[in-house]
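All remarks here apply to the structure that follows.
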Amino acid sequence: MAYLDDLEALLDGAVPEHPVWTADISYWIAAREADATAEQAWTTEEGHLKLCRDLGIMPYYWYERFWLAKEVYDRSVATETRHHGRTTVTTWTTPVGSITAEQTYLASSYSTGHSRFPVQTTQDLEVLLWMVEHRVLEERCLEDYAQRLEMWARYDGVPAVALRRSPLASLMYEWSGVVNTSFLIADAPELMKQLFSLMEGQEQPILDAVCRTRPLLVHFADNLSSDNMGGYYDEYLAPGHRRRLERLHQAGIRCAVHLDGVVHPLLGKLAAIGFDAVEAITPHPGGDLEIEEVRNAAAHDGVILWGGVPGILFAPPYTWNDMEAHVRRTVEAWRGTPYILGVADQVPPDGDISFCPRIAELLQEIG
């Protein structure tokens, strides 16, 4: 296998003979850490790389060094964090008010989610606006990117790095949730536009630093899904995506965007706007389209389709026979076009990790 060479060929517009195969195994590893069956080496970057190569997948996902910016508030914003059992409560206090978030760990699913979003009303939105006005974004994960790139290349991979979520995606996933955001767009559209403009403006120094560093590939980690963002895309996401893409493409940087939910119609919009790759595409039985429908939904022969293997196929009631049949269908449907075979979106905690090397062997067999 020569995954890194083939990935670089894909980004240059070629179609390799054998598909690149990768998988996000971080969720599966987190579950193994929770039930005390993980190996200590997996917590280190190089240990993770070795595990990926043992599993026959291209190393790519490593979230300890993923986000390229962090937010730093001035003294007018006080942050307090408290823990109550499995729930973490965070309160931000400002001169114009305070907002509080609650996040709860669910042991049954090895995951953490918001049990209370901090921004629910227009007044909360005004507090968030104050916070954004009194923060800066500082670059991270760029100072040693070249050295990490060399280390990852020894394991036939490339480290994933990502910009901050776009303003609408940030609000939906970090601050308000889908429902609250929808009401706030309707109730306070001018305030929302002011917030979004400020958030985008703060990112410009980060984009400058990224363009100087010139990573091989940069992710827009917006966690898009057509069912909750499809109707908002043209007005609230597309303009910012275009501006980012123009800057990064001018610097010779390729860009991928994370679409891990309902595929249609966002896939076509993302391909048309100029993304080099759309990552974590989830078809049936996990998504809304059959695998044979995905390329037509993209309506673009040059965009790299990245994904195609629903994570649920790793877990019961599905078996290796189901997985093998699906992989064969995917290869046949996407053959001759640019694509990366990947798990959409992650191998689940109860997934059979042995499927990863078996898929690698299958790809060598079927070409």
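Among ILE57, ILE281, ILE206, the largest mean-square fluctuation in a Gaussian network model of the chain (Cα springs under 10 Å) belongs to ILE206.
Scalar couplings 3J(HN,Hα) for region 67-82, obtained by applying the Karplus form with A = 6.51, B = -1.76, C = 1.60 to θ = phi - 60°, are 6, 8, 8, 10, 8, 10, 8, 7, 5, 6, 10, 9, 10, 10, 10, 10 Hz; x denotes Gly and Pro.
Each principal axis of the Cα atoms in region 170-237 has its own extent, and those three values, largest first, are 40, 24, 21 angstrom.
For the pair THR79 and MET151, label points projected 7 Å from Cα toward Cβ lie 2.5 nm apart.
Taking 0.36 nm per residue of separation and subtracting the Cα-Cα distance, full extension of the segment from VAL15 to GLU71 would add 16.3 nm.
Scaled against 2.2 N^0.38 Å for its residue count N, the alpha carbon radius of gyration of the chain is 0.99. Taking DSSP loops as anything outside H, G, I, E and B, show the longest stretch in the chain free of trypsin sites (Lys or Arg not before Pro) there with at most 14 other beta carbons within 10 Å. Segment 87-334 is the longest. Considering only HIS134, HIS84, HIS300, the Gaussian network model of the chain with Cα springs below 10 Å gives its largest mean-square fluctuation to HIS84. Maximal additional length on extending the GLN103-ALA30 stretch stands at 24.6 nm, based on 0.36 nm per residue less the C-alpha distance.
Each of ILE273 and TRP42 was given a label point 7 Å from its Cα along the Cα-to-Cβ line. The distance between the two points is 3.5 nm. Ignoring the sites themselves, what is the longest stretch of the chain with no GluC sites (Glu not before Pro) in a DSSP loop and at most 14 other beta-carbon atoms within 10 Å? With GluC sites (Glu not before Pro) excluded where exposed in loops, the chain gives 144-289 as its longest stretch. Quick one: Cα centre-to-centre distance for region 231-302 and region 169-188, in angstrom? Computed from Cα coordinates, the inter-centre distance equals 21 Å.
Quick check: net charge around VAL278, other residues with Cβ under 12 Å of its Cβ, Lys/Arg +1 and Asp/Glu -1?
Values: positive: LYS269, ARG295; negative: ASP222, ASP260, ASP276, GLU279.
That works out to -2.
Over region 46-107, the ratio between the Cα radius of gyration and 2.2 N^0.38 Å evaluates to 1.73.
Once the convex hull of the alpha carbons of region 256-367 is built, what does its volume come to per residue, in cubic angstrom?
87
Largest mean-square fluctuation among VAL327, VAL127, VAL179, in a Gaussian network model of the chain whose springs join Cα atoms under 10 Å apart, belongs to VAL179.
Sequentially through region 113-129, phi angles give Karplus couplings (6.51, -1.76, 1.60; θ = phi - 60°) of x, 6, 9, 7, 7, x, 10, 10, 10, 4, 5, 4, 4, 5, 5, 4, 4 Hz, Gly and Pro residues having no value and appearing as x. One chain, two ends: ARG212 and VAL178. Fully extended at 0.36 nm per residue, the span grows by 8.8 nm beyond their Cα-Cα distance.
Give the lysines whose C-alpha is closer than 29 Å to that of LYS50, dropping any in the same chain fewer than 8 places away, or say none. Partners found: LYS70. Each helix, a run of at least 4 DSSP H residues, gives -39500 (n - 2.57); summed and divided by the residues of the chain, these come to -11500 deg cm²/dmol at 222 nm.
Readers should treat all values here as calculations from the given coordinates under stated rules, not as data from a laboratory. No experiment lies behind these values; they were computed from the predicted model shown. Note that we place each Cβ from the backbone using ideal geometry, even for glycine, and neighbour counts take in every protein chain shown.
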